[in-house]
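These notes concern the structure reproduced below.
The values are calculated or read from the model by the stated rules, or taken from the named source; none is laboratory data. Quick caveat, the model's predicted, so the values are computed rather than measured. A quick note on method: Cβ atoms are made from the backbone with ideal geometry, for glycine too, and the neighbour counts reach across all protein chains shown.
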Amino acid sequence: MNTDSKDKLSCVDSPRPATAEQRRRELGIKLPTPPAPFGIYAEAVQTGNLLFLTGMLPTIGREAKYIGRIGAELDVQTGRQAAYLAALNGLAVARQHLGSLDKVTRIVRLGVLVATSGDVREQPKIADGASELLRDVFGKDKSPSRLVYGVASLPLGAPVELELIFEVSTNAAPLE
């Protein structure tokens, strides 16, 4: 997770700020293959100018990369890494649906569910793993409202699941 270059990126020869796709490339962030659904549902649904993503998990292919609960099998740093991977998967799904992340005009909401055991109170630190990636790609002016929940269990035994809602441009062509 790169936290030093978040808002320093811009097009050197242009007065316009860098686009999400330019920032992603400049930061060396490679998006994975978008995950396929694990059941009967759509990964992304757009209505008007809102794009809703299904629960994003920290998966690679058809497997959870991280399994366990924070405070039991996993620590906070591992939870942050899981949140980052889940956010990468979310960006991959959004890009697949929209054609380009440049069509995102705002991240409306980030919901973060964190599987915990015992008296874990550091869910916001775990959620920051996803929030920092989104800020790095889209800029802090597009930061979402955020809800963070501690839960007993999540699909596939994953420690984190994300809910993402994007506001998107409905008339701009992808800027690739």
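The table below gives the values:
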{"read-out": "Qualifying positions in the stretch 87-127 - of a type in the set (Gly, Ala, Ser) and modelled with pLDDT of 95 or more", "value": "Ala87, Gly90, Ala92, Ala94, Gly99, Ser100, Gly111, Ala115, Ala127"}
{"read-out": "From the options Gln81, Gln77, Gln123, residue that is more than 23 Å from Ala18 (Cβ to Cβ), out of contact with any Pro (no Cβ under 6 Å at 6 or more places or on another chain) and free of Cβ contacts under 8 Å to residues at least 12 places away in the same chain", "value": "Gln77"}
{"read-out": "Every residue from the stretch 126-146 that is hydrophobic (A, V, I, L, M, F, W, C) and without any contact (Cβ under 8 Å) to a residue 60 or more places away in the chain", "value": "Ile126, Ala127, Ala130, Leu134"}
{"read-out": "Enumeration of residues in the stretch 14-45 that are touching a helix residue (DSSP H, G or I) at 6+ places or on another chain (Cβ under 7 Å) and assigned to a strand (DSSP E or B)", "value": "Ala44"}
